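Colleague: My questions will all concern the structure given below.
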Amino acid sequence: MNILSVLFKDNIKAVIPIFLIVLGLNFTLVPLGFSLIMRFLIGSILVIIGLTLFLFGVEIGITPMGSLTGSSLVKTNNLPVVLLCGFLLGFFISIAEPALMVLAQQVDFVTMGEISSWLLLVVVSIGLALLVSLGFLRVFLNIPLKLFLFGCYIIIFILAFFTQPEFLSIAFDSSGATTGILAVPFLLALAVGISSLRKDSIASEEDSFGLVAIASAGAIMAVMVLNLFIGTKEYAVASLEPIEVGSVVILQPFLNHISGAFSESFTSLLPLTIALFVLQKTLFKLERKPFVRIVKGFVYAFIGLIIFLVGVNGGFMEIGSELGLRLAMYENKSWLIVTGFALGFFTIIAEPAVYVLTHQIEDVTSGYVKRKAVGACLSIGVGLAVALAVIRILNPAIKLWYVLLPCYTIALGMMYFAPNLFVGIAFDAGGVATGPMTATFILAFVQGAASAFEGANLLRDGFGMIALVATAPIITLQVLGFIFQISSRKQGVEVDGEA
């Protein structure tokens, strides 16, 4: 249970920055009232407990399943089987991702059901699954990661010219949301297993990163293709109104969300659970004790996901949208920008998926790249990204594509000069940075701000923040790669096989 206590502490650290910011604003600029603060407190506690149990389940059940799957598939040496398993597991993991579930629910709410949550979940999961399968094929065919990612984003750029602005925001947001606390450890474990196909140790090390980035690209493409099928149309958009402080009921919203959270959690995790039993019979053939431990992990993940969704929907996100809405009504809009930066800067430090990635970076580079250095780069980049999302709302003339196009152009250009290992790390981090805190509270904050401006569109401008957060680490970590490359050469350490 030591893992459980560590995860509990980590999740408290993830929520505390948000809680302190809310309390600070409550006693200064945005008085929220006792009842609303109590609902936020209860929601925060449920989010912490839910994430702890969910991540514990991922740690002892779902991640080991990913490692076993990767190593077992390699042993089969059967390409069609490997590609099919990659597709199915990618789909099952994506559809059960909590951050993507929250984003899909928000899209459903904002469009008043015209883009249903399940449609978005299924479409994004198919796109991710297809690219995970192709990511496996890349390793089999020894296609360089840089070339593969370049090809993916060229396709994305072409599709973007035919994509409606509203769908452009949803597409890039889905990319970040689908690679969260469930998908990241599973895909990283899969990648490590599949990378053992490469006999060269350096190539194998590089291939242990990049699958998350490839999967993210699949999510973007899928939503863009969905838009091509649906065609361009106008969507009726829901409106957000300030909450009357005296009308707040504390416990009832949480009780109302229990049945919905149960059914969503069950439906999402069922396919992956079935896959576990099928793989146990056909590939794993584990002894009873280790298999029971993995099954227990799934049970913990199921219970944790229910509690997490109840907390998020019952009170946690509501405060985020309320803060954004009320701060946007102030004449001095700088408070909105400063709050956005603070939320991005402090919450990313303790994102559970970031914790996983930074540890793996330090391990793979044998301690040359410190977790603190990676964390500092991510914090600054994500803070600026959230602030930029707020600035874009304040000035609707700044279209999302005006920011994303130069950012991705710079990132793709940098990858031909950055060390190969850091290319995979950077693009993986783009998906990892957008975890449960970003996809819940900060997304709600930005949407609340967007709803307060007549010139802003809640669907077009309220989304896109996750997309901007996802681009920040891609650039900042490649810069860190340049620094690592220079310092390593001075010490005579090999980088990408060069002394």
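The values are calculated or read from the model by the stated rules, or taken from the named source; none is laboratory data. What you see is a predicted model; the values in this text were computed from it and never measured. Because the Cβ atoms are built from the backbone with ideal geometry, glycine has one as well, and the counts that use them run over all protein chains shown.
Colleague: Quick check on this structure: which one of Leu187, Leu83, Leu88 is part of a helix (DSSP H, G or I), in contact (Cβ under 8 Å) with a residue 12 or more places away in the chain and closer than 14 Å to Ser216 by Cα?
Modeller: Leu187
Colleague: Also: Would you check which residues across region 400-454 are under 16 Å from Ile319 (Cβ atoms) and among the hydroxyl-bearing types (Ser, Thr, Tyr) and list them?
Modeller: The answer is Thr438, Thr440, Ser451.
Colleague: While we're here: For region 57-77, give me each residue that is buried (at least 24 other Cβ atoms within 10 Å of the Cβ), among the aliphatic types (A, V, I, L, M) and either closer than 19 Å to Gly180 by Cβ or modelled with pLDDT under 75 (or both).
Modeller: Residues satisfying the conditions are Val58, Ile62, Met65.
Colleague: Would you check if Ala467 is under 20 Å from Ala171 (Cα atoms), part of a helix (DSSP H, G or I) and modelled with pLDDT of 75 or more?
Modeller: Criteria met by Ala467.
Yes or no, residue by residue, for (1) among the aromatic types (Phe, Trp, Tyr); (2) touching an Asp or Glu at 6+ places or on another chain (Cβ under 8 Å):
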| site | (1), (2) |
| --- | --- |
| Val81 | no, no |
| Leu89 | no, no |
| Ser94 | no, no |
| Met101 | no, yes |
| Phe109 | yes, no |
| Val132 | no, no |
| Phe136 | yes, no |
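Colleague: With respect to Val47, determine if the residue is assigned to a helix (DSSP H, G or I) and without any contact (Cβ under 8 Å) to a residue 24 or more places away in the chain.
Modeller: The answer is no for Val47.
Colleague: Suppose the filter is closer than 28 Å to Ser35 by Cα and either part of a helix (DSSP H, G or I) or modelled with pLDDT under 80 (or both); does Leu357 pass it?
Modeller: Answer is no for this residue.
Colleague: Here's something else I'd like to know. Condition first: in a helix (DSSP H, G or I) and either out of contact with any helix residue (DSSP H, G or I) (no Cβ under 9 Å at 6 or more places or on another chain) or of a type in the set (Phe, Trp, Tyr) (or both). Now tell me which residues in region 148-171 satisfy that.
Modeller: The answer is Phe148, Phe150, Gly151, Tyr153, Phe157, Ile158, Phe167.
Colleague: Something else: Given the conditions (1) surrounded by fewer than 24 Cβ atoms within 10 Å (Cβ to Cβ); (2) within 19 Å of the chain's Cα centre (by Cα), and given that Met112 satisfies all but one, which numbered condition is not satisfied?
Modeller: Condition (2) is where Met112 drops out.
Here's the yes/no breakdown for (1) of a type in the set (A, V, I, L, M, F, W, C); (2) closer than 14 Å to Glu322 by Cβ:
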| site | (1), (2) |
| --- | --- |
| Ala14 | yes, no |
| Asn26 | no, yes |
| Phe40 | yes, yes |
| Ile45 | yes, no |
| Thr52 | no, no |
| Lys75 | no, no |
| Leu83 | yes, no |
| Gly86 | no, no |
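For every residue, the table says whether it meets (1) modelled with pLDDT of 80 or more; (2) buried (at least 24 other Cβ atoms within 10 Å of the Cβ); (3) not charged (D, E, K, R).
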| residue | (1), (2), (3) |
| --- | --- |
| Ile425 | no, yes, yes |
| Gly430 | no, yes, yes |
| Ala444 | yes, yes, yes |
| Gly455 | no, no, yes |
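Colleague: Restricting to region 27-44, name every residue that is of a type in the set (Ser, Thr, Tyr) and in a helix (DSSP H, G or I).
Modeller: Ser35, Ser44
Colleague: What's the number of the only condition in (1) surrounded by 15 or more Cβ atoms within 10 Å (Cβ to Cβ); (2) closer than 18 Å to Val223 by Cβ; (3) aliphatic (A, V, I, L, M); (4) out of contact with any Ser or Thr (no Cβ under 8 Å at 6 or more places or on another chain) that Leu149 fails to meet?
Modeller: (2)
Colleague: Please go through region 249-274 and give me each residue that is part of a loop (DSSP other than H, G, I, E, B) and within 24 Å of Val122 (Cβ to Cβ), ordered by number.
Modeller: Within region 249-274, His257 is the sole residue that qualifies.
Colleague: Consider Tyr408 carefully, then state whether it is outside any loop (DSSP other than H, G, I, E, B), over 30 Å from Phe186 (Cβ atoms) and of a type outside the set (Lys, Arg).
Modeller: Here the answer is no, as Tyr408 does not meet what is asked.
Colleague: Let me ask another. Which condition breaks for Leu421 when tested against (1) out of contact with any strand residue (DSSP E or B) (no Cβ under 9 Å at 6 or more places or on another chain); (2) outside any loop (DSSP other than H, G, I, E, B); (3) within 22 Å of Ala191 (Cα to Cα)?
Modeller: Result: Leu421 fails condition (1) only.
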